[in-house]
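Sharing a structure here in structure tokens format.
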Amino acid sequence: MSLKNKKILITGSTGGIGYSLVKKFSVRESKICATGTNQEKLEKLKSEFKNIEILNFKLNEHEKIEEFINNVSDKIGGIDVLINNAGITLDNLSIRLSEENWKKVLDINLTATFLMCKFAIKKMLKNKSGKIINITSIVGHTGNLGQANYSASKGGIVSFSKSLAIEYAKKNININCVSPGFIQTDMTEKINEEFKKKLIDKIPAGILGTGQDVANCVAFLASEDANYINGETIHVNGGMYMS
């Protein structure tokens, strides 16, 4: 799975999964542009890993996404692989969920992801190749209590990724999704032990996943070993989706 010198754009680079993605592609000697909104964490990534550029960008600024893609391309010399990992949660039961928080989650998780794909694809068409991996979530397939907005956004990513995969398959551009289950991150560390035990009981593997588990799958899809995989969603959840 050679990814040496591949130009990789990773959004949401400062989170738990994002860090694992940056680490994975750095080890593979890719040329990385890491993006996020936490400048301190971005600077830490730059100091820790080689072959990495950083850009602070807010994905809710939709009108600036095309310019952002152009900046990334200039900064690392093109875009071979786009990994849409960024996302937010604003959870609440549906009858208490405000329209504002519904829109905020869809604006970042769904609309911004689509626009990132749209403008990255324009670059890839000129290069006559490219790969896009969109990070979704198990709840985009199963739903989850208090996450109507998040579930809708992640399910929407799966659907539009299939459409894009059909549109650009003959242009040598592959679009796939990776759907993590419950992964060990700073967020899951804050879950109380009783609820965490209930989650783990639903996972046949009996453990939470790691960011590395997700990164391994993403790296495979980004490589030439996955050239004939298109429009698919690979689940990384220890078998939880079967339960």
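Stokes-Einstein at 20 °C, 1.002 mPa s, Kirkwood radius from Cα pairs: D for the chain in µm² s⁻¹?
119 µm²/s
Also: How far apart, in nm, are the 7 Å Cα→Cβ label points at MET1 and ASN56?
Spacing of the two 7 Å Cα→Cβ label points: 3.3 nm.
For VAL236, list long-range residues whose amide hydrogen, built 1.01 Å from N in the peptide plane, is under 5 Å from its own amide hydrogen.
The answer is SER179, GLY181.
Still on this structure, I have one more. Can you compute the modelled spin-label distance between GLU99 and LYS46, with each label point 7 Å from Cα toward Cβ, in nm?
So the two model labels end up 4.1 nm from each other.
Please list the three semi-axes, largest first and in whole Å, of the ellipsoid equivalent to the stretch 94-196, using sqrt of 5 times the eigenvalues of its alpha carbon gyration tensor.
After diagonalising the Cα gyration tensor, the semi-axes are 30, 16, 11 Å.
Here's a follow-up. Checking understanding here: applying a Kyte-Doolittle mean of at least 0.0 and a length along the axis of at least 24 Å (C-alpha), which whole DSSP H helices in the chain pass?
Numbers: long enough: 148-168 (30 Å, 0.14).
Helix filter hits for the chain: 148-168.
Aspartates and glutamates near LYS198 by alpha-carbon distance under 15 Å, same-chain residues fewer than 8 away left out - which ones?
GLU189
Follow-up. Taking the alpha-carbon distance from LYS170 and a cut-off under 27 Å, which lysines remain once sequence neighbours fewer than 8 residues away in the same chain are dropped?
LYS4, LYS6, LYS7, LYS31, LYS118, LYS122, LYS123, LYS126, LYS128, LYS131, LYS154, LYS162
Normalised radius of gyration for the stretch 1-70, please: alpha carbon Rg relative to 2.2 N^0.38 Å, two decimal places.
This ratio for the stretch 1-70 stands at 1.07.
Here is a follow-up. Taking 0.36 nm per residue of separation and subtracting the Cα-Cα distance, what length does fully extending LYS198 through LYS126 add?
Net length gain for the segment: 21.0 nm.
Let me ask another. At 0.36 nm per residue, minus the direct Cα-Cα distance, what do ASP186 and THR142 gain on full extension? Give it in nm, one decimal, please. Could the numbers behind the result be given before it?
On the way: separation 44, 0.36 × 44 = 15.84 nm, distance 2.30 nm.
So the extension gain works out to 13.5 nm.
FYI, it's all coordinate maths here, none of it is from the lab. Since we're looking at a predicted model, the values are computed, not measured. Here the Cβ is made from the backbone with ideal geometry for all residues, glycine too, and neighbour counts use every protein chain on show.
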